[in-house]
Amino acid sequence: MRGGALERHRRDWEQLAEVDPLWAILAAPDARGGRWKLDEFFATGEAEIAEVLEVASGFGYPERYEQALDFGCGGGRLTNALARRFGEVIGIDISQEMITLARRLGSSENCRFELSTHPDLRQFPSASFDFVYSGLVLQHLPRRQLVQAYLGEFLRVLRPGGLVVFQALSHLPVARRLQPRRRAYALLHRAGLGHPFLLSRLKLTPVRLTAISEREVRSTIAAHGGIVVHQEEHPEAAEGIRSARYYVSV
């Protein structure tokens, strides 16, 4: 992927993190405008990780609970929940503002947060994690090819007996593919309107949505030596959008 697309993606999330970071991470309609309560925000992460690991345990994964990676950690909503279950957890994010927020809000000594600066996971050696998790992140990447590249990286850094769990959009209706709110945001920002006004007052967004079909996901996983052990519909999908959660091992 060209560096320009990744840099624009980074810039979009820096802007969101500056204006309304918790809502950008988890866009509950009644929480927009800084109305997330921290305890409720982190409780959603606790519930999500508990649910996912309960499902995973039914398949015997992961075999060990030593190291975990939270890809696209945002403010640490899921990282802190993972830290209650794993010996060490690393959260990475493309936004420095999000990393700063996660470090400020984080309360677990066994988790740390790192900035992601490349379109891969080169900062981590192969076979270094027992569990890799990514929720509501891959759907925002600027290219389908980048989603595929990260899927390969998830499997590269996974230990034998470990598990990758990720969510991805599998279908976008035509109206969502056109993404009029994102296009209006870009146009009005170029015309001189500020990010807080566009985000908070006009309720526009710079965030894109990217879908990747189940066939592409499964072929990518297979190409990197992975096996899909379980798949389920993801409950966060909006009307007309299909989203899946995949459980993958090597």
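Side notes on the structure shown:
- Any helices (runs of 4 or more DSSP H) falling wholly within the stretch 98-207 and containing at least 2 residues that are among the basic types (Lys, Arg) and farther than 27 Å from Phe41 by Cα: 144-156, 180-190
- Qualifying residue in the stretch 163-174 (condition: under 16 Å from the mean Cα position of the chain (by Cα), open to solvent by 10 Å² or more (accessible area, probe 1.4 Å) and farther than 12 Å from Ala211 by Cα): no
- Matching residues in the stretch 206-250 - criterion: being open to solvent by 70 Å² or more (accessible area, probe 1.4 Å) and not hydrophobic (A, V, I, L, M, F, W, C): Glu214, Arg215, Arg218, His224, Glu233, Pro235, Glu236, Glu239, Arg242
- Any chance Ala27 is without any contact (Cβ under 8 Å) to a residue 12 or more places away in the chain, of a type outside the set (Phe, Trp, Tyr) and open to solvent by 60 Å² or more (accessible area, probe 1.4 Å): yes
- When the criteria are applied in full, Ala43 fails the requirement of being part of a helix (DSSP H, G or I), out of contact with any His (no Cβ under 8 Å at 6 or more places or on another chain) and open to solvent by less than 40 Å² (accessible area, probe 1.4 Å).
- Residues in the stretch 85-98 include none that are open to solvent by 30 Å² or more (accessible area, probe 1.4 Å), among the aromatic types (Phe, Trp, Tyr) and touching a residue at least 40 places away in the same chain (Cβ under 8 Å).
The values are calculated or read from the model by the stated rules, or taken from the named source; none is laboratory data. In this text, all values refer to a predicted model and were calculated from it rather than measured experimentally. Ideal geometry is used to build each Cβ from the backbone, glycine not excepted, and the neighbour counts take in all protein chains shown. Side chains included, ligands, DNA and RNA excluded: accessible areas come from the protein's heavy atoms. Shrake-Rupley method; radii C 1.70, N 1.55, O 1.52, S 1.80 Å.
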